[in-house]
Every structure is written in C-alpha cells, then in structure tokens.
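Comments concern the structure below.
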Amino acid sequence: MWRLNRTSSCGDTLIEVLFAITVFSLVVVGSISIMNQGVNASQRALEITLVRNEIDAQAETLRFLNSSYLSAYKTGQILADYAVDSPAYQWAYMSSRLSDVIISDFGVVDSTCSSFPQKAFIMNTKLAQYIESPTFKPSETFAQVKYDSSNDSITSSNGLWIEAVKTTNNPLSPTYYIDFHIRACWNTPGQTKPATTGTIVRLYEPKY
C-alpha cells in the first residue's frame, strides 16, 4: 500500500516540463505576431484614408481654381487682366508655368520616398494658391502637407506632390487640357517598400 501511494505522487519529468514550456512559447510568439500584423494592417488602412483625404483636397482645389478661371475668362485676356488675389489669377499663372513635360516614374528615384521631381509643385488648399517651389520632405508618418497655423502658409510638403502636363498638340481643338498627376509616397509599418498612391485629374481651359 505504501508503495502504491508513493508511485502515484510522482511529478512530471524534466522532458515533459520542457515540452510544455516550448508549446506555450510557440503559442505566445504566434499570438504576438498575429497581433502585430493586425495592428500594422489597421495603421496602414488609417494612413491610406488620411492620404486619400490629402489627395482629394489637392484635386478639389485644382477644380475650384479651374472653375473660377472659366467663370472669369474672356477672349483675349492675359494674365495681367486678372486680379492678383483672385482664384482665376492663380489658375492663369499656374497654367502659364506648365508645359509638355515627361512625367517621372512616380517621382521616386531611389525608392525611399526622399527624391522629388524638379517640376513638382503643390496646392495650398487653405488659401487656394499654386505653390511652385515648396519645401519637399520625406514623410514622417504619412504623406501630407504641413501648414503654419499662424498664417496658413505651407511649411513643407511631406511625401506629397503634383506633376502636370499641358497638352496643346491638337490644333483643331478649341481647348487645352491639363493632366494633373497627384502623387503620394510614404513609409508604412510592416512593409519593406514605401506605400504609394495617387490619382489623375484632367481639367480644360479655352485656347482663345
């Protein structure tokens, strides 16, 4: 009887304990990995939404300036005929600075979101202004335009830019059209390559 009680009270062996710890560790590591993937996916989705809002704001500003120009347009008018502080002037000035150019390969030379095309520009969506040579910087979090809260001027454009091509090669057409390539590039968690997105806005203006 004494021997039976002694046998039944024996504990787990060292191998069994190590095996249990190994299984537990695998479960914990796998769970943490899945949680990290979920957090990264959620953050990427949020960043894409925020970047799309920035791109939409750029597109809406371009459409507003174009509509203002068309409303104020008269045959034979030149840039000096528009009030300098008017949206129509902003469009006319921007249009005069555009030409037939070759669009860059999404504007990224070194695939790190740190290089920007020479012809790139940005729109100040708060003041509805064309900014020809803003300060371009790589994105710190997501692609966005940063403003000075005191006067709504642009301090930098981080990973967001516009390239435009003014097409005038149809002599029979009474209008020009301009393709605005709005582009964004930023580093996102859990990815070895930068995230990129963009859109193209085509707007028209009369030739004469």
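General remarks:
- Ignoring aspartates and glutamates fewer than eight residues from Lys207 along the same chain, the ones with Cα atoms less than 17 angstrom from its Cα are Asp81, Asp100, Asp179.
- Dipole magnitude of the range 20-206 about its Cα centre (Cβ charges: Lys, Arg +1; Asp, Glu -1), debye to nearest 20: 240 debye
- For the range 20-206, the extents of the C-alpha atoms along the principal axes are 86, 41, 25 Å, listed from largest to smallest.
- Extension gain, Ser71-Gln43: 0.36 nm per intervening residue step, less the Cα-Cα distance, totals 5.9 nm.
- The packing ranking of peptides 50-59, 24-33, 142-151, highest mean first, is 50-59, 142-151, 24-33, where packing means the average number of other beta carbon atoms within 10 angstrom of each residue.
- Evaluated over the range 134-208, the Cα radius of gyration and Dmax, each in Å: 16.7, 52
- Amide hydrogen neighbours beyond the local backbone of Ser115, cut-off 5 Å, H modeled: Val109, Asp110
- Pairs beyond 28 Å (Cα-Cα), from Lys166/Lys193; Lys137/Lys193; Lys137/Lys166; Lys119/Lys193; Lys74/Lys137: Lys166/Lys193; Lys74/Lys137
- Local electrostatic count at Leu70 - Lys and Arg +1, Asp and Glu -1, tallied over other residues with Cβ under 15 Å: +2
Readers should treat all values here as calculations from the given coordinates under stated rules, not as data from a laboratory. Model, not experiment: these values are computed from the prediction. Neighbour counts run over all protein chains shown; Cβ positions are idealised from the backbone, glycine included.
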